[in-house]
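Inspection log for the structure reproduced underneath, given as structure tokens.
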Amino acid sequence: MTIDKTALRHLAGLLEQRTGQQIGPNRLWRVETVLKSLMRERGIANLDALVAAIGAAHDMTLATDVVEALLNNETFFFRDAQAFELVRNGALEALRQARASSRRISIWCAGCSTGQEAYSLAMIFADARAKWDGWSIDITATDVSEAAIAKARGGYYSQFEIQRGLPVSSMLKWFDQVGHDWRVKRDLARYLRFRRHNVLMAQTGSFDLILCRNVLLYFSPERRREAFDRLAASLAPDGYLMLGAGETVIGQTEAFASSPELRGLYRKTAALRVKAA
Amino acid sequence: MKTCLVVDDSKVIRKVARHILETLDFEVAEAGDGRDALTHCEATPPDVVLLDWNMPVMSGMEFLKALSATDLPKRPKVVFCTTENGIGHIKAAIEAGADEYVMKPFDRDTIASKLQIVGLA
């Protein structure tokens, strides 16, 4: 079946306007697939009719629902195990020394999707409770998707979701079975605060570690640069930024540079200059 | 190349698992029940066993107990793979010696992550 490219462009434009995220030409194919159930529920025959319905604006929630459906919420627990090892044995060990007097660490999980990455971070601390005893650990997890944040906050995961990346021992330790699903235990949830937020908007607070993984790849170069500036403004001078496995700051921003001591993490360029001087 | 023995009485499940494991660079062998699996492990111990729960001749649990009783120099890692997700079921599998647990249906990411968890990826 031929898909009308005008409708695709319109829907991609709507997503970019609302979230800053783009749908690359190689991913346009998924637009109709992810909107299929929404169109069926609302009795909309095809993408042209969907665009017309959004334009008619009889239903104010339609555009929001379309944008929610177009967002890619793919995630799983401890996604990219090496990255979590770098957090556990690299960033957190460095911060443990740097924050020895305040005993306070603040982390921002930017683009947390349905929460698996944020709960994975919390497990690093919860599994080493004696080590972090007396420390104040605060993980702020944000996403542009209202639906994703609601799910993350609820802390319910299906069997399919929970077994993706999560060791069975951690599943039994940190989740309760509720029917066929699994609900996060309060002892783990207490580390986290979930909030709807777009990484292109200003963030309140200063963080010691920011994880922004597999988020910025959906932005145009200009928007990506803006996002890096926002992240830099929210990161403590001696803090660390972690990106997705295939992402880099090189050629994208001057605000960050590779951490000389912890490969795979980034530091604010200004802070590195001060250190070198 | 790492080796995996897929133990399941369903040919379809074995085929799906084989396909996933081969894309993860595993050399795959198959067994249709626990007894065949035990014979295979004693002759050529794999690095990991993907083990079904309900099988004829010898069930997954019986296989686990029999495997523990062998004097293999290096016991293969075992990922239990079932259609049951009751917490009692899962705990029983872990107490019997399974290293990991996965519920069917599974996908490549799930299998890859479980293999990584048991130190094989």
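Only the coordinates and a few stated rules stand behind these numbers; no lab work does. It should be emphasised that the depicted structure is a prediction, and the values quoted were computed from it without experimental measurement. Cβ sites come from the backbone with ideal geometry, for glycine too, and all protein chains shown count toward neighbours.
Listing for the model above:
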quantity	calculated
So residue A:206, is it touching a residue at least 40 places away in the same chain (Cβ under 8 Å), under 22 Å from residue A:86 (Cα atoms) and more than 17 Å from the chain's Cα centre (by Cα)	yes
Check on residue A:208, surrounded by 18 or more Cβ atoms within 10 Å (Cβ to Cβ) and not hydroxyl-bearing (Ser, Thr, Tyr)	yes
Check on residue B:99, within 10 Å of chain A (Cβ to nearest Cβ), closer than 23 Å to residue A:116 by Cα and within 12 Å of the chain's Cα centre (by Cα)	yes
Qualifying residue in region A:79-87 (condition: of a type outside the set (Val, Ile, Thr), touching a helix residue (DSSP H, G or I) at 6+ places or on another chain (Cβ under 7 Å) and crowded, with 22+ Cβ neighbours inside 10 Å)	no
Flag if residue A:7 is small (Gly, Ala, Ser), out of contact with any Phe, Trp or Tyr (no Cβ under 7 Å at 6 or more places or on another chain) and more than 26 Å from residue A:152 (Cβ to Cβ)	yes
Residue match in region A:220-240 (condition: within 14 Å of chain B (Cβ to nearest Cβ), free of Cβ contacts under 8 Å to residues at least 24 places away in the same chain and not β-branched (Val, Ile, Thr))	no
Pairs, first within 14 Å of another protein chain (Cβ to nearest Cβ) in region B:65-92, second surrounded by fewer than 15 Cβ atoms within 10 Å (Cβ to Cβ) and in a strand (DSSP E or B), C-beta under 9 Å, six or more apart	B:87/A:176
Among (1) among the acidic types (Asp, Glu); (2) surrounded by fewer than 21 Cβ atoms within 10 Å (Cβ to Cβ); (3) touching a helix residue (DSSP H, G or I) at 6+ places or on another chain (Cβ under 6 Å) - the single one residue A:146 does not satisfy	(3)
Helices (runs of 4 or more DSSP H) fully within region B:31-121 counting 3 or more residues that are of a type in the set (D, E, K, R), farther than 22 Å from residue A:181 by Cα and touching a Ser or Thr at 6+ places or on another chain (Cβ under 8 Å)	none
Strands (runs of 3 or more DSSP E) fully within region A:156-202 counting 3 or more residues that are over 18 Å from residue A:127 (Cα atoms)	A:192-196
Among (1) in a strand (DSSP E or B); (2) closer than 22 Å to residue A:18 by Cβ - the single one residue A:210 does not satisfy	(2)
Filter pass, residue B:49 being touching a helix residue (DSSP H, G or I) at 6+ places or on another chain (Cβ under 6 Å), surrounded by 15 or more Cβ atoms within 10 Å (Cβ to Cβ) and of a type in the set (Val, Ile, Thr)	no
Hey, residue A:168 without any contact (Cβ under 8 Å) to a residue 24 or more places away in the chain and among the aliphatic types (A, V, I, L, M) or not	yes
Segments classed as helices (runs of 4 or more DSSP H), wholly inside region A:41-136, with at least 2 members that are among the hydrophobic types (A, V, I, L, M, F, W, C) and in contact with a Phe, Trp or Tyr (Cβ under 8 Å, 6 or more places away or on another chain)	A:92-98, A:116-126
Test: residue in region A:128-135 that is more than 14 Å from chain B (Cβ to nearest Cβ) and touching a residue at least 24 places away in the same chain (Cβ under 8 Å)	yes
